[in-house]
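Here, each number is a calculation from the coordinates, and none is a lab measurement. Being a predicted model, the structure only gives us computed values, none of them experimental. Here the Cβ is made from the backbone with ideal geometry for all residues, glycine too, and neighbour counts use every protein chain on show.
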Amino acid sequence: MTAQSVTVRVPAKVNVQLAVAGPRPDGFHNLANVFLAVSLYDRVTATPADELRVTCSGPDADQVPLDTSNLAARAALALAERYGRDARVHLHIDKDIPVAGGMAGGSADGAGALLACDALWGTGASRDELLGICAELGSDVPFGLLGGVALGLGRGERLTPLEAGGTFHWVFGLADGGLSTPAVYAECDRLRAEAGTDPGPEQPSASAVLLDALRVGDAGALAGAVANDLQEAAVSLRPSLAETLSAGSAAGALAAMVSGSGPTTAFLAKSAEEAERVAAALRASGTCRAVRVACGPVPGATVVG
């Protein structure tokens with residue numbers, strides 16, 4: 001008997017380390033990307049339909065593509081092709097992860113749609129099969145399925161789960177508009193070429209200090225080790241981000257950084273109470289359009305209905 005609908009909840013991510021190599025011959029960059037899933041969620045509901053259709057509701061829903069460029073639609077098509085069936089499904093995305101904000105909301109939707117369609121259609125795909133399809137869809141998609149904390153190598157799609165010894169508290173400052181991920185990488189390459197600091201295409205490594213801070217749950221040690229090689233490029237393209245970062249630091253955040261390729265800014269706080277204080281100060285600063293508080297790590301894509 002086929003399910004009437006399946007709803008999957010899938011989290012946003014913050015990159016606590018994003019080490020970026022120089023461009024490879026294929027144009028991609030090798031990364032050492034330490035993902036941490038946080039408690040901002042999209043929900044993807046899959047319902048049988050006469051044809052593939054995508055709808056979206058929630059903040060900034062008007063910025064979400066509803067055609068087959070949407071990773072949710074591409075996930076349904078990929079799974080359907082793998083199992084020799086038609087992708088006749090309505091995918092509704094209830095959006096709460098910032099759009100084009102460097103928190104992998106689109107990638108999360110791809111992972112959520114894949115799990116929802118797998119459950120709806122009863123395909124019985126293994127976890128490894130689903131992760132393989134995720135990797136074909138995009139570098140950040142496998143982590144949406146996995147969640148928790150993980151190290152991504154290659155383009156970020158080769159994931160190794162990591163141990164985390166506690167809960168970390170975050171504040172996110174949302175900027176007006178988005179930033180193009182390819183544009184941020186191109187700006188990173190340009191700035192490095194200009195400065196003569198291109199590190200070459202070899203695979204970077206994760207910071208041992210950062211991995212140890214995650215393992216023992218030490219927010220202070222983590223704050224001293226977080227790093228994002230794309231931050232300079234994001235600030236170069238969006239100089240106003242520097243004011244947001246300064247405002248969060250002045251409010252007492254342990255660390256202030258651009259999340260992924262931006263333009264969302266991420267602030268690590270030492271407790272839930274401190275996170276609320278940093279959030280209040282950021283709202284009062286007028287340097288960002290909205291502020292969200294979250295914690296992590298949290299599980300990846302999960303069937304909730």
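What the table below lists for this structure:
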item	result
Nearest-ten-degree value, helix 272-285 long axis tilted from longest Cα axis of the chain	80
THR197 versus THR160: modelled label distance in nm, points set 7 Å from Cα along the beta carbon direction	2.7
Mean residue ellipticity (222 nm) of the chain, computed from DSSP H runs ≥ 4 via -39,500 (n - 2.57), nearest 500	-10500 deg cm²/dmol
Virtual spin-label span in nm between ALA280 and ASP86, 7 Å along Cα→Cβ	5.7
Principal axis box of the chain, alpha-carbon based, largest edge first, Å	56, 44, 36
Computed label-point distance, nm, for sites GLU129 and THR47 using a 7 Å Cα→Cβ extension	2.7
Residues MET103, MET257 arranged by fewest to most Cβ contacts within 10 Å	MET257, MET103
Over segment 168-296, relative contact order from alpha-carbon pairs under 8 Å, at least 6 apart, %	43
Normalised contact order of segment 1-127, rounded percent, pairs of Cα under 8 Å and 6 or more residues apart	33
For segment 153-163, 3J(HN,Hα) per residue [Karplus equation, 6.51 cos²θ - 1.76 cosθ + 1.60, θ = phi - 60°, Hz, x = Gly/Pro]	10, x, 7, x, 8, 8, 9, 10, x, 10, 7
Residue-span extension gain [LEU66 to ARG24] - 0.36 nm each, minus C-alpha spacing	11.9 nm
Footprinting exposure proxy for SER57, SER261 (fewest neighbouring C-beta atoms within 10 Å first)	SER57, SER261
Nearest-ten-degree value, helix 181-195 long axis tilted from longest Cα axis of the chain	30
Expected-Rg normalisation [2.2 N^0.38 Å, Cα atoms] applied to segment 168-296	1.09
For LEU137, LEU66, LEU254, order by how many other beta-carbon atoms lie within 10 Å, fewest first	LEU66, LEU254, LEU137
Mean separation of Cα contacts under 8 Å (6+ apart) over length of the chain, as relative contact order %	26
Cα-based shape type of segment 6-163, given that a ≥ b ≥ c are square roots of the gyration tensor eigenvalues and the cut on a/c is 1.5	prolate
